[in-house]
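The values are calculated or read from the model by the stated rules, or taken from the named source; none is laboratory data. In this text the structure is predicted, and so the values were computed from the model without any measurement. Every residue, glycine as well, gets a Cβ built from its backbone with ideal geometry; the counts of neighbours run over all protein chains shown. To get the accessible areas, we keep the full protein, side chains included, count just its heavy atoms, and leave off ligands, DNA and RNA. Shrake-Rupley method; radii C 1.70, N 1.55, O 1.52, S 1.80 Å.
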Amino acid sequence: MTDDWRAETRETLRSLILGADPEVVEEVKWRKPTNPDGVPAFSCAGLLCTLETYKDKVKVTFAKGASLGDPTGVFNASLDAGTRRAVDVRAGEVVDADAFTDLVRQAVALNRG
C-alpha cells in the first residue's frame, strides 16, 4: 500500500462507503501474485463497489452504477459501460462527500430491491 495522497484518499472513500449504511461489509477479494493485497470490495445484500489504487488515481467502481441516479456528476469513469460506473480521484481532487454517500446508499437500496 502507498503512504502518499492515495492512502489518504482511499481511507476517506472507505470511510464514506462504510458510513453510508451500518450493514455495509468490507472484504478483500481477488488476491493474486500481481496484486497480493487484493481488492477491497464492499457489499450489502450483494456487491456494491470496489476500491482500487493505481499510480495516478484511486478508483471506486460501482457494480450497478449505470442504474444509479447521479444528478451532481460524481461518476467520471466507465460512463459508457453497460452496467458499471466509476469514480476516479486524482491527486488534489476532492469528492463531494454527500453526493458520493448518496450513490452508496442508492446502491444499497438497489441491492435490497
For the range 49-107, which chymotrypsin sites (Phe, Trp or Tyr not before Pro) are in a loop by DSSP, counting at most 12 other Cβ atoms within 10 Å? TYR54
Karplus (6.51, -1.76, 1.60) ³J(HN,Hα), θ = phi - 60°, over the range 16-27, in Hz, Gly and Pro reported as x: 5, 5, 5, x, 6, 7, x, 9, 5, 10, 10, 9
In order through the range 57-73: 3J(HN,Hα) via Karplus (6.51 cos²θ - 1.76 cosθ + 1.60), integer Hz, x for Gly, Pro: 6, 10, 10, 10, 10, 8, 4, 10, x, 5, 8, 9, x, 9, x, 9, x
What helix-only [θ] at 222 nm does the chain give? Using -39500 (n - 2.57) per DSSP H run of at least 4, over all residues, to the nearest 500, the answer is -9000 deg cm²/dmol
Within the accessible area of the chain (1.4 Å probe), percent carbon and sulfur: 49 percent
With percent of Cα pairs over 25 Å apart defined as stated, name the option among (i) 15; (ii) 22; (iii) 39 computed from the structure displayed. (i)
Exactly which trypsin sites (Lys or Arg not before Pro) in the range 1-80 are in a DSSP loop and have at most 15 other Cβ atoms within 10 Å? ARG31, LYS55
Explain nothing, just the number: dipole magnitude of the range 32-113 about its Cα centre with +1 on each Lys and Arg Cβ and -1 on each Asp and Glu Cβ, in debye rounded to the nearest 20. 300 debye
The chain, relative contact order in percent, only Cα pairs under 8 angstrom and at least six apart counted: 24 percent
Whole-Hz ³J(HN,Hα) from phi, Karplus 6.51 cos²θ - 1.76 cosθ + 1.60, for the range 89-102, glycine and proline x: 10, 9, 3, x, 8, 10, 8, 5, 4, 5, 5, 5, 4, 4
Solvent exposure of the range 1-106 as accessible area per residue, Å², 1.4 Å probe: 56 Å²
